[in-house]
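Enquirer: Mind having a look at this structure? Questions to follow.
The values are calculated or read from the model by the stated rules, or taken from the named source; none is laboratory data. Keep in mind the model is a prediction, meaning the values are calculated, not measured. Here the Cβ positions follow ideal geometry from the backbone for every residue, glycine too, while neighbour counts run over all protein chains shown.
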Amino acid sequence: MKTTAISLLLFLSAGLLSTAPAQDRAQLEHELAVTAYNYAVGCAEREKYDEALEGLTHIPAGRLNQQQLGWVDSLRMKCEIMAGHPAPAHEIPLTESELLEIDDQSAAFVHGIQAYQQGDYATAKSLMTEAIDLDDGPREQVRIEAFFWRGLCEYQLGNWEACCQNMITFNDIKNANTEIQYDALAYYTMGYARMHENKWRHSRINFERYLERQPDKDLKSYRDGEARLKECKALEARSSNSFKKPLNMVPVEANFGEIVAIRESLRKVDKQKSKEEEERAKAIEVWRKWRAPYIQ
């Protein structure tokens, strides 16, 4: 089928060129070059690398613009590798989206925060675990802060001890680059988790540490922490488990750390990939208009 398809292309090309007026020949050659180019791109998109290479051989030199010629060279090298031909000695150019490609660790981290903000705590926990497990990722700070967010997820899921263990690990590995807000809110969250467990002494200590580390005294969480600290002190003094008030922790907002920068990188990647996919679809459609039955 492949040989027949290429032969059909050559037959159509010869017929069109032989009957075309001289002034239209250059235009037809250009259109046929673009058609062969689109066919090659379409085959490559379908992982038909040998067919893509065949299509590339039928593109007349000098009949494409500079950008297309650059893509031809890049596509030929990629197809040669994928089809099992010897790899070229020089580097294969990357597309813009490949250059922008963000690491898996950062992607899991940002998507985890988005899931958390949408109330999907189980998914957020899974994504934070993924960011943590990719411990050879390029952003050590992401892994550190992923423990904090997984702790928040465990809290929202009612897993008090797991919440505290994640926050303790976060405290153990945090560094000078760790946002002070994370540092403070880790203790705030553990204070609430220990209250749920009726561990008043542990809760008191965590709220004290939160208030010491929180620089913004105007936050709702700071005023709430002061109130909870008083309650824990009173309950600890009389060793009572009679606390009945609802425990509604002030929500933690994700507006610090590397989140904004990583999220912006993800937006650029998604936007560029969508643009490239749209261009590929248009290219394949152009080829189909030339009635090529071998592209399915």
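Enquirer: Would you check if Thr189 is buried (at least 18 other Cβ atoms within 10 Å of the Cβ), modelled with pLDDT under 90 and either within 35 Å of the chain's Cα centre (by Cα) or not polar (S, T, N, Q) (or both)? So that I can check it myself, show each step before the final result.
Expert: On the way: buried (at least 18 other Cβ atoms within 10 Å of the Cβ): yes; modelled with pLDDT under 90: no; either within 35 Å of the chain's Cα centre (by Cα) or not polar (S, T, N, Q) (or both): yes.
Judged against the criteria, Thr189 is not a match.
Enquirer: Could you tell me which residue of region 108-141 is farthest from Gly158 (Cα to Cα), considering only residues that are of a type in the set (Gly, Ala, Ser) and part of a loop (DSSP other than H, G, I, E, B)? Full working, then the answer.
Expert: Pass one, region 108-141, residues of a type in the set (Gly, Ala, Ser): 108, 112, 115, 119, 122, 124, 126, 131, 137.
Add one more test, that the residue is part of a loop (DSSP other than H, G, I, E, B), and what stays is 119, 137.
Working: Gly119: 14, Gly137: 30 Å.
Result: Gly137.
Enquirer: In region 237-267, which residues are surrounded by fewer than 16 Cβ atoms within 10 Å (Cβ to Cβ), touching a helix residue (DSSP H, G or I) at 6+ places or on another chain (Cβ under 7 Å) and modelled with pLDDT of 70 or more?
Expert: Within region 237-267, Leu247, Val250 qualify.
Enquirer: Being assigned to a loop (DSSP other than H, G, I, E, B), touching a residue at least 12 places away in the same chain (Cβ under 8 Å) and closer than 14 Å to Gln141 by Cβ is the filter here, so list the residues in region 171-211 that pass it.
Expert: Lys174, Asn175, Asn177, Thr178, Glu179
Enquirer: State whether one or more residues within region 208-218 are crowded, with 24+ Cβ neighbours inside 10 Å and within 27 Å of Asp103 (Cα to Cα). Let's see the steps before the verdict.
Expert: As a first pass, look at region 208-218 and keep what is crowded, with 24+ Cβ neighbours inside 10 Å: 210.
Now restrict to residues that are within 27 Å of Asp103 (Cα to Cα): none.
Among the residues of region 208-218, not one is crowded, with 24+ Cβ neighbours inside 10 Å and within 27 Å of Asp103 (Cα to Cα), which makes the answer no.
Enquirer: I need the full set of residues from region 75-122 which are at pLDDT 80 or above and either β-branched (Val, Ile, Thr) or at positive phi (or both), in order please. Step through it out loud before you land on a result.
Expert: Filtering region 75-122 for residues at pLDDT 80 or above gives 104-122.
Scanning region 75-122 gives Val110, Ile113, Gly119.
Enquirer: Could you count how many residues in region 11-64 are in a helix (DSSP H, G or I) and either at pLDDT 55 or above or in contact with a Phe, Trp or Tyr (Cβ under 6 Å, 6 or more places away or on another chain) (or both)? Let's see the steps before the verdict.
Expert: From region 11-64, those in a helix (DSSP H, G or I) are 11-19, 22-45, 49-56; that's our starting set.
With either at pLDDT 55 or above or in contact with a Phe, Trp or Tyr (Cβ under 6 Å, 6 or more places away or on another chain) (or both) added as a condition, the list becomes 24-45, 49-56.
Result for region 11-64: 30.
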